[in-house]
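For reference, the structure is listed below as structure tokens.
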Amino acid sequence: MAEECGTGTSGRFNRRAVKVGEAQRLVLAAADGLRCGSELVPLRESGGRRLAQTLCASSDWPPFARAGLDGYAVRAADTAQASPEMPATLRVVDSVAAGGIALAAVEAGTAARIMTGAAVPEGADAVVMLEQTAEATLPGGAAAVLIKRAARPGQNIAPRGEEFRLGAALAAPGTVVRPGHVALLGTFGYAEVPVQKRPRVAVFATGSELLPVAAPLAPGRIRDSNSAMVAAMIEQSGAEPMLCGALPDDPDAVAAALERVWDDADLIVTTGGVSVGDYDVMSDIIRRVKSGSWTGAGHDEGRQACRVLFDRVAMRPGSPTSAAMLGDKLLLSLSGNPGACFVGFELLVRPALQRMQGVRDALPRAVTARLAAAVDKPSPHDRYVRTRLIYEADGRIAADPLAFSKSSMMASIAESDGLAVIPSGSLGAKAGELVEVLLIP
Ligand SMILES: Nc1nc2c(c(=O)[nH]1)N[C@H]1C(S)=C(S)[C@@H](COP(=O)(O)OP(=O)(O)OC[C@H]3O[C@@H](n4cnc5c(N)ncnc54)[C@H](O)[C@@H]3O)O[C@H]1N2
Ligand code: MOO
Ligand SMILES: [Mg+2]
């Protein structure tokens, strides 16, 4: 079937590996042109989304000077000489609950009973907690309060604008909305929140050996686990997966399937079929792109315009990972081997999705860690080894390379929270060596 794709075997082995950093630069530059725009969502649905613009305080916060506890609003000067033996006696002119407004100002010799969160009445400059007061009655029957200790001006009052001034920035574009942001946005009246639209990502597995997850195993066949894994990673990146199932090893069927999702997808991710084998169908598509046309005759010209970004990356696992622009769509073709598919996603797809959501700093974050065990496999390319990070008591980090970490293996994927970068050319790395570890969310 691969021979029918138009280019035969010529060019099959003619693939120049680009460095990982170069592949990331190419993908991020492409993703910059794939911004998905913004939308308004109700505040309660904004958690986990990325802000589309800087959001600002719509008032001072707090919006009025308010009591920090239950007590009496007083003029500090009236209490300057107060002591347990000689308390200051103040006439109580009002009682203010949170949400209420005092009808009377606090003038010399008076106080207002006040509850936590209530607006401090005019004239008062301190609040004395209930526990430091006693109720009394003045000759003539008016209510009074005894203050047993001098109050400091400003005590137990949150002044207007203490936390935020009107117009202060609350969060920058690209910020992931966390529960604390939701609280701020609610406080400032953002019933709807402008967030980045979720990129829609079409996911195709390729390989005639693949069975749906629900199917029983059959001789020589395996279930398509990459689609579900990639969909989970897409969701974790704030985007929306469109699962398109498994495609047979037939380039025309693949081209037709890519065209079917064209209008709905912002990005297309495929897994499998990128190496040099007879049935490696995505390599056929990439070779068609190289030769200038991937759709076949009679198709939309805009879709035909196409360009290969790279068809090999200097990394292990995932060296055959390929990328192309098909018209204005970005195609990222990951290896079929689950370990390589996972690493390819972390290094290339997640950064692309972040950038499409307005994140400048889209590449994986890295820490320096000490290898807990040797990785003694030499490699012509930088090797990204699935590891478990151990945060030690002295603040140092150890990286424990996981077993069953071959490209074709899955057991280590679930357990890994980092990719230790073992530089190319070496004999690997010894236990105790310091290495860079890319963090996996
Ligand atoms: N002669 C050479 N052979 C291979 C080379 C090479 O350079 N020369 N590269 C090897 C490397 S490195 C990798 S990585 C793989 C890449 O393979 P493909 O991306 O072409 O993937 P497939 O051939 O389709 O499948 C490989 C493997 O993964 C299984 N697979 C595929 N899709 C899924 C899926 N959706 N869910 C679970 N498992 C999947 C598939 O059955 C195969 O076992 O090529 C090496 N070969
Ligand atoms: O580069 Mo492949 O992904 O090692 O197995
Ligand atoms: Mg293959």
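The values are calculated or read from the model by the stated rules, or taken from the named source; none is laboratory data. In this text the structure is predicted, and so the values were computed from the model without any measurement. All Cβ positions, even for glycine, are placed from backbone atoms using ideal geometry, and neighbour counts span all protein chains on display. Note: areas computed on protein heavy atoms with side chains; ligands, DNA, RNA excluded. Shrake-Rupley method; radii C 1.70, N 1.55, O 1.52, S 1.80 Å.
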Treating the Cα atoms of segment 366-439 as identical point scatterers in vacuum, please give the log10 of the normalised Debye intensity I(q)/I(0) at q = 0.18 Å⁻¹, two decimals. -0.62
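Assuming 0.36 nm per residue, please report the length gained on full extension of the stretch Asp328 to Arg35 beyond their Cα-Cα distance.
Taking Asp328 through Arg35 to full extension adds about 104.3 nm, to one decimal.
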FRET efficiency estimate (nearest 0.05) - Cβ-Cβ, Arg307 to Ala253, R0 25 angstrom: 0.65
Within segment 162-194, what residues put their amide N at less than 17 Å from the label point 7 Å along the Cα-to-Cβ vector of Ser58? 164-171, 181-194
Starting from the 7 Å offset along Cα-to-Cβ, what nm value, one decimal, do you get for the label separation of Gln236 and Ala80? 6.5 nm
With just the Cα atoms of the chain, tell me how far they stretch along each of the three principal axes, in Å, largest first. 108, 56, 41
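Starting from 0.36 nm per residue, how many nanometres of slack lie between Glu107 and Leu166 once their C-alpha separation is accounted for?
Full-extension gain reported as 18.2 nm.
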Largest first and in whole Å, give the semi-axes of segment 66-158's equivalent ellipsoid, each being the square root of 5 times a Cα gyration tensor eigenvalue. 18, 15, 11
Three-way shape label, segment 122-227, alpha-carbon gyration tensor, a/c 1.5: prolate
Heavy atoms of Lys19: accessible area, 1.4 Å probe, square angstrom to 10: 150 Å²
Prolate/oblate/rounded call for segment 332-407, Cα gyration tensor, a/c under 1.5 rounded: oblate
Can you work out the base-10 log of I(q)/I(0) for segment 170-218 at q = 0.16, 0.30, 0.32 1/Å, using the Debye formula on its C-alpha atoms alone? -0.62, -1.20, -1.27
Using packing as a proxy for protection, rank 22-33, 277-288 so that the peptide with the highest average count of other Cβ atoms within 10 Å comes first. 277-288, 22-33
Counting each DSSP H run of 4 or more residues in the chain as -39500 (n - 2.57), what helix-only mean residue ellipticity at 222 nm follows after dividing by all residues, to the nearest 500 deg cm²/dmol? -4500 deg cm²/dmol
